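The values are calculated or read from the model by the stated rules, or taken from the named source; none is laboratory data. Everything numeric here is computed off the predicted structure, so don't read it as measured data. No Cβ is skipped: glycine too gets one built from the backbone with ideal geometry, and neighbour counts run over all protein chains shown.
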Amino acid sequence: MIYKNISILGCGWLGLPLAKALIATDFSVKGSTTSQNKLPVLEENKIQPFLLSLNENEITGNIDAFLENSEVLIIDIPPKLRGNAVENFVAKIKTLIPFIEKSSVTKVLFVSSTSVYADDLSMVNEKTIPKPETEGGKQLLEAEKLLQNNKNFETTILRFGGLIGEDRHPIKFLAGRENIENPDGAINLIHQKDCIGIILKIIEINSWNQIFNAVTPFHPTREEYYTQKAIELNLIVPKFNKEKPSVGKVISSEKLMETLDYTFQILA
């Protein structure tokens, strides 16, 4: 089946360029934002704009119209759980699900994270039992289960590694810093262009009811990688603390590359 109408819940750093890429391939796209100022930006890019806010007990905005006539819903709203921010992300997804159930949506793509896996220095694939250590990872895993266990629609889970792009790279935050922990932990990053390419491929070949890890197959140590990146970008090389043992994991994207016949465009 070929889908033509797609709704993207969360037109942010990834959702907005994803919407543009879908429109460029002849999809009709509805996009949501929580910011009034962003509505004209969506409209300028031929995205039908919706001001929506997903809360723990309600959704503000016209969620029914946002989902109307769409066959595919892409959920790209990460939990806000860093620093002092605390929210019940699982409750938000529970609030959303009844609206999906009564809509025309039959396929859901949920943007999740490799934070659902433990940092136990292992090689991780989709058969690895998730053991999240962070609150964000725990809530994402719970949200994944809620969506995949629902029989009213088919859900594919996309577990992205660390997101990077032309305007977003961790070396800009790490440059010049000292005593950075975890020098021997492996990097598990993915470029924005590959995030978009993978989502387009899932929709194109109709790959639903799946779980995919999505991480560039390139895993030098943090110290190796960030030292090299700092040199490339003419930034101050960060200094790492080797006193504590490093933790981490190596995320395999082999299933994704084989199932989708996908070749990563950009090494991290």
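Figures for the structure shown
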quantity	calculated
Qualifying strands (runs of 3 or more DSSP E) (wholly inside segment 1-73; at least 1 residues being of a type in the set (A, V, I, L, M) and surrounded by 22 or more Cβ atoms within 10 Å (Cβ to Cβ))	5-9, 28-33
Looking only at segment 137-184, and only at residues there that are surrounded by fewer than 16 Cβ atoms within 10 Å (Cβ to Cβ) and basic (Lys, Arg), the one that is nearest to Ile211 (Cα to Cα)	Lys145
Of all residues in segment 207-246 being among the polar types (S, T, N, Q) and within 22 Å of Gln265 (Cβ to Cβ), the one that is surrounded by the most Cβ atoms within 10 Å (Cβ to Cβ)	Asn213
Residue, farthest from the chain's Cα centre (by Cα), within segment 239-262, restricted to residues that are acidic (Asp, Glu) and in a loop (DSSP other than H, G, I, E, B)	Glu243
In segment 137-173, residue farthest from the chain's Cα centre (by Cα) [restricted to those that are small (Gly, Ala, Ser) and within 28 Å of Leu235 (Cβ to Cβ)]	Gly165
Every residue from segment 19-60 that is free of Cβ contacts under 8 Å to residues at least 24 places away in the same chain and in contact with a Cys (Cβ under 7 Å, 6 or more places away or on another chain)	Thr33
Segment 191-233: number of residues that are assigned to a loop (DSSP other than H, G, I, E, B) and in contact (Cβ under 8 Å) with a residue 60 or more places away in the chain	5
Of residues in segment 26-48 being of a type outside the set (A, V, I, L, M, F, W, C) and within 21 Å of the chain's Cα centre (by Cα), the one farthest from Ala143 (Cα to Cα)	Lys38
Residue check, Val116 of a type in the set (A, V, I, L, M), modelled with pLDDT of 95 or more, crowded, with 21+ Cβ neighbours inside 10 Å and farther than 30 Å from Ala65 by Cα	yes
Meets criteria (of a type outside the set (Ser, Thr, Tyr), more than 22 Å from Lys193 (Cα to Cα), out of contact with any strand residue (DSSP E or B) (no Cβ under 7 Å at 6 or more places or on another chain) and not in a loop (DSSP other than H, G, I, E, B)) for Ile236	no
Filter result for Lys127 (buried (at least 19 other Cβ atoms within 10 Å of the Cβ) and more than 30 Å from Lys4 (Cβ to Cβ))	no
